[in-house]
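Just below is one structure, and these are the notes that go with it.
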Amino acid sequence: MSSSEQYDNIPWDLITGSFEEELTEQERLELESWLSADVANGQRYELLRKMWLERLRGYAYFEQTDKEAGWKELRQRMHASVVPPATVKALPVRWRKSLGKGLLAAAVIVTLIFVIQQWIGGMRTVRVYENMTGGPMHIKFSDGTLAILQPGGRMRIGKDYNTTSRMVEMDNGKVAFDVVQNRNVPFEVRAGNLSIKDIGTRFSIEQTKDSIFVAVITGKVACIKQTTGESHIIGGGMSIGYGRASGMFLPAVLSGNGGDGGGNLLQFKETPLPEVIHILEKATGKSIRLQDASLEKLRLTASLDGETYEDAIKIICTSLNLSYMEVSGGGILKKRTDQ
């Protein structure tokens, strides 16, 4: 793991929040979980706390007259690769030669302190949520939107959330959202190369190293491939996948999980055909009509979960001995006449 990747995994917002005594009870538990996950985490925390309390005073490497040696010591102490600030590196050679060692040391110390203070002060520009517990983590954002982050999941929101934007960066894992609507500031989730924009809904996202899956419970979302602008609008009861290696969307399929009743809405057992049609219409936005009233007495026993709309219709027709005729905006189910 590179040093930059190592420090990307540190919950800076929780650490600085603990220094400022601003943590909520939930955040305190998250910080304790991170600290207990690795002995090195506790060591990093104590070093940062000491730097915070002492405002960097007493560290020998800030007294170095040679700035490169000073930065080398800083790297060793923080186990990180820190690039010297351009303001120091860019000093003209003649200026550096004309500066006495003491003056140069003072300039380096002041610059280093400024950079570290800026670094620490900016820690809270991004809030990181990472679920390292054994159960789901319920998170309520400032706009009232509820996120349920599953174990192993990680996401981030910016400091400007619910002001100039409502952007969530999904790093990995699975999370479900119950979004509070705000037409002036749309809700958006970015996962890899996908942008998922809410159009009034409850939905979930699952991201792995190979794929991204979006399942909509109610309402609609727009799934947009950021590099090309390719877009798919998915309604409630539908899900869509995206292959990260291929860069291609998978066909949208029916998804029966996530209903308010807790069961699978697309598992049918002796279910009246009109009820089946109602669920399909709600999930796909298509209009499905019966050719005559006698078909309302038919009952379906089948699972349509994970099927495309076309395959779901084929299952219905095969099970109930019907045929399907496409029309604008949907289709018509009727008795088979080719028997």
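No lab work stands behind these numbers, since they all come straight from the coordinates. On a predicted model such as this, the values are computed, not experimentally measured, just so you know. With ideal geometry, Cβ positions are generated from the backbone for all residues, glycine too; neighbour counts draw on all protein chains shown.
Annotations for the structure displayed:
- Counted charge near residue 21, where neighbours are those whose Cβ lies closer than 12 Å (Asp, Glu -1; Lys, Arg +1): -2
- The largest-to-smallest principal axis extents of the Cα set in segment 131-250 are 36, 36, 28 Å.
- Anisotropy class of segment 267-335 from Cα gyration tensor, a/c 1.5 cut: rounded
- Against the empirical curve 2.2 N^0.38 Å, the C-alpha radius of gyration of segment 187-323 lands at a ratio of 1.14.
- Pairs beyond 30 Å (Cα-Cα), from 140/282; 197/335; 209/282; 209/286; 225/282: 197/335; 209/282; 209/286
- 12 Å beta-carbon shell around residue 180, net charge (K/R +1, D/E -1): +1
- On the basis of the beta-carbon distance and an R0 of 35 Å, residue 275 and residue 146 show a calculated FRET efficiency of 0.75.
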